[in-house]
Amino acid sequence: MRAMDLGIEGKVALVTAASAGLGLGCARALSGEGCRLAINGHDTARLDAAAASLGNDALALAADVTDPDAPASLVAATVERFGGLDILIANAPGPPPARALDVTDDALLDAVEANLLTSIRLVRAAVPHMRAAGWGRIVLVTSVTIKEPIPNLAASSAARTGLWAWAKSAARDLIGDGITLNVLAPGLHDTDRVRALGHTGPTGDPADFGRIAAFLCSAHTAFVSGVALQVDGAGTLGLL
């Protein structure tokens, strides 16, 4: 079977929270397309191992991506190493489980910091470089909770739905600059987080998820923007 050429060989990509799970799946897919990669994670040993597995002179950037200063620093380090930034896949760890009436103010604020503001900060830092090049691809990794709230993930549902609303508006502002912005909404995949939540049923493959992300970052998706794509094995019943 002949593989599709995504047309992104040589493009520079930054993938956050990419030392394992869905982030690493995305990084591997982009590496397979010949992208020059910077990946981020907070566990230095896991991050270095992930970067070594990618090859292509991948740059490992250890940082807590939810630190308010981290997004700008990650983008700056990527641009310094590779001379630009073409692709951003913004991923961040999810908040702990809790039902709506049990979520504290502090837990909600932590979720907003990690799962809304972190991605917004990454986009704001990346966009000037993409505008300068007249080309860019941005994918925000969220959750199916933006389409159908999960009762025991109330903080995730609140923060990530806010990000989806922001992204829908931002996509309109960016399309004229040759930049697309889309959201991927994963369901249950075979990751450490899903296993920690105790799920034992069918799950998606992070490698397949990464290939979907890579397609959204391709040269063929110039007119695909402002979309939230569920990757959940028909797990979500909502129509919109």
Screening Ile39, Ile89 for residues that are of a type in the set (Val, Ile, Thr), without any contact (Cβ under 8 Å) to a residue 40 or more places away in the chain and within 21 Å of Leu184 (Cβ to Cβ) leaves only Ile39
Condition test on Thr236, is it in a loop (DSSP other than H, G, I, E, B), surrounded by fewer than 18 Cβ atoms within 10 Å (Cβ to Cβ), at pLDDT 95 or above and not aromatic (Phe, Trp, Tyr)? no
Tell me, which strands (runs of 3 or more DSSP E) wholly within the stretch 1-112 include 3 or more residues that are more than 17 Å from Gly210 (Cα to Cα) and in contact with a helix residue (DSSP H, G or I) (Cβ under 6 Å, 6 or more places away or on another chain)? 59-62
Filtering the stretch 113-145 for residues that are modelled with pLDDT of 95 or more, in a helix (DSSP H, G or I) and crowded, with 21+ Cβ neighbours inside 10 Å leaves a count of 12
Counted residues in the stretch 152-176 being among the polar types (S, T, N, Q) and open to solvent by less than 50 Å² (accessible area, probe 1.4 Å) come to 2
Matching option when the condition is over 21 Å from Ala159 (Cα atoms), of a type in the set (Lys, Arg) and at pLDDT below 95, among Arg28, Arg36, Arg2, Arg81: Arg2
Exactly one of Ala62, Ala49 is modelled with pLDDT of 95 or more, over 20 Å from Arg131 (Cβ atoms), in contact with a Ser or Thr (Cβ under 6 Å, 6 or more places away or on another chain) and open to solvent by 20 Å² or more (accessible area, probe 1.4 Å), and that one is Ala62
Can you tell me which residues in the stretch 201-221 are touching a Gly at 6+ places or on another chain (Cβ under 7 Å) and part of a loop (DSSP other than H, G, I, E, B)? Pro202, Ser218, Ala219, His220
Among the residues listed as Ile212, Ile179, the single one being open to solvent by 20 Å² or more (accessible area, probe 1.4 Å) and at pLDDT 85 or above: Ile212
For the stretch 58-74, what are the residues that are touching a strand residue (DSSP E or B) at 6+ places or on another chain (Cβ under 7 Å) and closer than 22 Å to Arg160 by Cβ? Ala63, Val65, Leu74
Would you be able to say whether some residue in the stretch 7-20 is of a type in the set (D, E, K, R) and surrounded by fewer than 24 Cβ atoms within 10 Å (Cβ to Cβ)? yes
Would you pick out the residues in the stretch 138-167 that are under 18 Å from Phe209 (Cα atoms) and among the β-branched types (Val, Ile, Thr)? Ile138, Val139, Val141, Thr142, Val144, Thr145, Ile146
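The values are calculated or read from the model by the stated rules, or taken from the named source; none is laboratory data. The model shown is predicted, which means the values in this text are computed figures rather than measured ones. Reconstructed Cβ throughout: ideal geometry from the backbone, glycine too, with neighbour counts over all protein chains shown. Just so you know, the surface numbers come from the protein's heavy atoms only, side chains and all, with ligands and any DNA or RNA stripped out. Shrake-Rupley method; radii C 1.70, N 1.55, O 1.52, S 1.80 Å.
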